[in-house]
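A.B. asks: Have a look at the structure that comes next, please.
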Amino acid sequence: MELNRRDFLRLSAISTVSVGLMYLRITEFAKDGSPVYAATSDTTEIPIIWLATGSCTGCTISLLNSLSPTIRNILIDEVVPSKHLSMRFHSTIMASEGELALEELKKTALNKGNYILVVEGAISTKDHGIYCEVGEIEGKGITGLEQTVSLGKDAMLVLAAGTCASYGGIPSAAPNTGGYTSVTKVFADAGIKTPVVNVPGCPPHPDWFVGTAATVLISGIEAVKLDPYGRPLAFYGKRIHEICPRNGSFQLGQFSKKFSDPYCMYQLGCKGPVTYADCPIRLWNSGNSWCVGANSLCIGCVEPGFPDIMSPLMKKAEGWEVDPLALPKPEKEDTGISPALAAGLGAIAGAAVTGAGVAISRQISTKPKTDEKSQKE
Ligand code: SF4
Ligand code: SF4
């Protein structure tokens, strides 16, 4: 059969990321341990619409780096038995474009309450959101704000992928001329009740996104336990500082004085003591390293208020003294950030956003072990 260009694009629109009716299921493992796949058609499809608003596309690129499952598994196989995430619209990875692609989006959205909306990027709200258009219908631009509201109100769930969609992130940094904000804020203003799960990170680790989506598929949204900032505790329940391999240096008062030193990076401005994520144990880039492991700093990219409240990112703010040992611990293993710490972060946000050059000080009074003389060179 010959296909002309238009037929090919139409076929792409329905098959590029939603690859048909047959899926691959692991049925057994061969003697060498490799999985044996069989095609199956008794699979429930969960349609996904991936909306990119004010973003750099980094969150998509991070997802494409997913190791287990791979992006091929996610798009072609069953992510969990009998369930398949059917990516119906994703402006970066779909082959179709323009109105043809938007037709597929519209068709998916008719299935009210039965699709997952992923939002990547912050949403411009100033002047009705005209600073971020995400497409065009019959010559008229559609804003990210309109799409977030219209697709979000009928979704079964919204996954806010990345810090921008979760909390505003870099687009909302001062002076925030486009009025960028988070999905949660847009929903609150529009009175939308659809549940939102935040998966922050700049970008988020692919496991954080895939693991959250898989949990929803297996056990439902109620199975995803969230911290006070709407993040899954499974990935964001521990303070970086407490699981950092350099915590031993911190305890001994050994601090790096330059980025190539192998000690605790606190004096250089590491934000691990006020950041909740499992980077030190999960590791990035297929389990290779993470920010501090690569001799850089944790810049607190998963926290509400990032980047303003974490600035200056690559050095210690004047007067910023934290005793990570004295920070309030999560109340229980899985309760996340304590109200006291949350209040502290809020206060810092206030100071940072006013731009008054106020020396940032957390609510902690005890000084860390910063005896410079005891530090090794
Ligand atoms: S301050 Fe940073 S480098 Fe030092 S122990 Fe804590 S997280 Fe690790
Ligand atoms: S270590 Fe900190 S800055 Fe790096 S990815 Fe994790 S939370 Fe973000």
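A.B. asks: Could you sort out which of 153/193; 257/315; 83/225; 185/225; 106/153 sit more than 18 Å apart by Cα distance in this structure?
C.D. replies: From the list (153/193; 257/315; 83/225; 185/225; 106/153), the Cα-Cα distance tops 18 Å for 83/225; 185/225.
A.B. asks: Would you pull out the residues with amide H under 5 Å of residue 85's amide H, same chain only if 5 or more places away, H placed 1.01 Å from N?
C.D. replies: 46, 79
A.B. asks: Can I ask one more? Which residues' amide hydrogens lie under 5 Å from the amide hydrogen of residue 269, considering only partners 5 or more residues apart or on another chain, with H built in the peptide plane?
C.D. replies: The list, which skips near neighbours in sequence, is 316.
A.B. asks: Here's another thing I want to ask about it. Working out 0.36 nm times the residue gap between residue 321 and residue 99, then minus their Cα-Cα distance, what length gain in nm do you get to one decimal?
C.D. replies: Contour length minus the Cα-Cα distance gives 74.5 nm.
A.B. asks: Quick one: what are the phi-derived ³J(HN,Hα) couplings along segment 236-245, Karplus 6.51/-1.76/1.60 with θ = phi - 60°, whole Hz, x for glycine and proline?
C.D. replies: 10, x, 10, 6, 3, 4, 6, 10, 7, x
A.B. asks: Going 7 Å from the Cα of residue 185 in the Cα-to-Cβ direction, what parts of segment 108-131 have a backbone nitrogen less than 14 Å from that spot?
C.D. replies: Only 121-129 pass the distance filter.
A.B. asks: Let me ask something else about it. Checking a compactness column here: for segment 119-159, what do you get for Rg(Cα) / (2.2 N^0.38 Å), N being the number of residues?
C.D. replies: Against the empirical 2.2 N^0.38 Å value, I get 1.17 for segment 119-159.
A.B. asks: Given a Förster radius of 56 Å and the C-beta distance between residue 80 and residue 174 as r, what FRET efficiency does 1/(1 + (r/R0)^6) yield to the nearest 0.05?
C.D. replies: The formula returns an efficiency of 0.85 here.
A.B. asks: Now for a different question. Subtract the Cα-Cα distance of residue 288 and residue 313 from 0.36 nm times their separation in residues, and report this length gain in nm to one decimal.
C.D. replies: Details: separation 25, 0.36 × 25 = 9.00 nm, distance 2.30 nm.
So the extension gain works out to 6.7 nm.
Any read-out appearing in this document is the output of simple, stated calculations on the displayed coordinates, not a laboratory observation. Because the structure is predicted, anything quoted here is derived from the model rather than measured. Please note: Cβ atoms are built from the backbone with ideal geometry, for glycine as well, and neighbour counts cover all protein chains shown.
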